[in-house]
Amino acid sequence: MKFFLDTANIAEIEEAASWGVLAGVTTNPTLYAREGGKLADFHDHLKRICDIVDGPVSGETVGLHRDEIVREGEALSAIAPNLIVKVPTMPEGLAATKALSDKGIKVNMTLCFTVPQAMLAARSGASYISPFVGRFDDISEDGIDQLSQVVTALANYDFGHDVEVIAASIRSANHVTQAALMGADIATVPFAVLKNLVKHPLTDRGLESFLADWEKVKNA
Ligand code: E4P
């Protein structure tokens, strides 16, 4: 499993990149707004992220018509070679994904929840498909089970191009564990979740006792 960071926060991206574990970044309009992002700075902000990250960086389109989405996608794609165009799952999004992928522009199809949506995304040419886990849990449905169905169903077919599943809307270490066990290619996680993935109380306790014993060695 590869780890992407689900954020538009530059400091978080720099920190995760310094750990040597960061394979990519996903952003969305909410995450950019959370950083106080302005429309005029949007492309520059994505460029900064693309320069930091050695891997795909998703920038999302907001158009609702295929022509608009394609125009936005082309402009986003021109920002950097590692910029991936994120397009919402909807009929106009599928049409735009087909047009963009025909031009060699990679698309991450987002807001994907079900097997049929994922299947259509793959058929339209999407290189990445982002099933959302946590938002299912938010409405008292089993997001991990839904993700598992998507991973299993996609594995049944050859779409004629590479398709990677990004487990998205991840809220916990357990989500990551379950996604890894089922073979999801990527987990995109908020920075708070990434920090939690490293932690375990037994690791903390073990380190504490190793350091205490090392004090004994130094004073022996
Ligand atoms: C996916 O790429 C989205 O940015 C993200 O995972 C959404 O997660 P949320 O449900 O925590 O907003």
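When SER101 is tested against the conditions (1) of a type in the set (S, T, N, Q); (2) in contact (Cβ under 8 Å) with a residue 24 or more places away in the chain; (3) within 16 Å of the ligand (Cβ to nearest atom), the lone failure is (3).
Scanning region 178-207 for residues that are closer than 21 Å to CYS112 by Cβ and in a helix (DSSP H, G or I), which turns out farthest from the chain's Cα centre (by Cα)? Explain how you work it out, then say what you get.
The initial filter retains those residues of region 178-207 that are closer than 21 Å to CYS112 by Cβ, namely 178-190, 193.
Those left that are additionally in a helix (DSSP H, G or I): 178-181, 193.
On the way: GLN178: 16, ALA179: 13, ALA180: 14, LEU181: 18, VAL193: 13 Å.
In this case the residue turns out to be LEU181.
Close Cβ contacts (under 8 Å, 6 or more residues apart or on different chains) running from residues in region 77-91 that are modelled with pLDDT of 95 or more and hydroxyl-bearing (Ser, Thr, Tyr) to residues that are assigned to a strand (DSSP E or B) and open to solvent by 20 Å² or more (accessible area, probe 1.4 Å) comprise THR89/LEU111.
Each row is one residue, and each column tells you yes or no for (1) open to solvent by less than 30 Å² (accessible area, probe 1.4 Å); (2) farther than 30 Å from LEU120 by Cβ; (3) out of contact with any Gly (no Cβ under 9 Å at 6 or more places or on another chain); (4) free of Cβ contacts under 8 Å to residues at least 24 places away in the same chain.
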| site | (1), (2), (3), (4) |
| --- | --- |
| MET182 | no, no, yes, no |
| ALA187 | yes, no, yes, no |
| THR203 | no, yes, yes, yes |
| GLY206 | yes, yes, yes, yes |
| LEU211 | no, yes, yes, yes |
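On the given criteria, is THR110 touching a residue at least 60 places away in the same chain (Cβ under 8 Å), out of contact with any Gly (no Cβ under 8 Å at 6 or more places or on another chain) and open to solvent by less than 40 Å² (accessible area, probe 1.4 Å)? Taking the combined requirement at face value, the residue satisfies it. The residues of region 127-146 that are within 13 Å of the ligand (Cβ to nearest atom), free of Cβ contacts under 8 Å to residues at least 60 places away in the same chain and either closer than 18 Å to ASN28 by Cβ or of a type in the set (Asp, Glu) (or both), listed by number, are ILE129, PRO131, PHE132, VAL133, GLY134, ARG135, PHE136, ASP137, ASP138, GLY143. Suppose we keep only residues that are within 14 Å of the ligand (Cβ to nearest atom) and among the basic types (Lys, Arg) within region 34-87. Which one would you say is nearest to ILE10 (Cα to Cα)? Within region 34-87, the match that is nearest to ILE10 (Cα to Cα) is ARG34. Against the list (1) open to solvent by less than 60 Å² (accessible area, probe 1.4 Å); (2) in a strand (DSSP E or B), the condition ILE170 fails is (2). Within region 56-75, is even one residue in contact (Cβ under 8 Å) with a residue 24 or more places away in the chain, in a helix (DSSP H, G or I), open to solvent by 10 Å² or more (accessible area, probe 1.4 Å) and in contact with a Gly (Cβ under 7 Å, 6 or more places away or on another chain)? Within region 56-75 (the criterion being in contact (Cβ under 8 Å) with a residue 24 or more places away in the chain, in a helix (DSSP H, G or I), open to solvent by 10 Å² or more (accessible area, probe 1.4 Å) and in contact with a Gly (Cβ under 7 Å, 6 or more places away or on another chain)), the answer is no, since none of the residues qualifies.
Entry remark, region 26-44: residues being touching a strand residue (DSSP E or B) at 6+ places or on another chain (Cβ under 9 Å) and either without any contact (Cβ under 8 Å) to a residue 60 or more places away in the chain or loosely packed, with under 11 Cβ neighbours inside 10 Å (or both) number 6 in total. Annotation: of all residues in region 6-33 being of a type in the set (Val, Ile, Thr) and part of a helix (DSSP H, G or I), the one that is nearest to the ligand (Cβ to nearest atom) is THR30. Which condition number does GLU92 fail, the rest of (1) open to solvent by less than 20 Å² (accessible area, probe 1.4 Å); (2) part of a helix (DSSP H, G or I) being met? Every condition holds for GLU92 apart from (1).
The values are calculated or read from the model by the stated rules, or taken from the named source; none is laboratory data. Note that the coordinates shown come from a computational prediction; the quantities given were computed from them, not determined experimentally. Using ideal geometry, Cβ is built from the backbone for each residue, glycine included, and neighbour counts are taken over all protein chains shown. The protein model used for the area step is the full one, side chains on, heavy atoms only, and it has no ligands, DNA or RNA in it. Shrake-Rupley method; radii C 1.70, N 1.55, O 1.52, S 1.80 Å.
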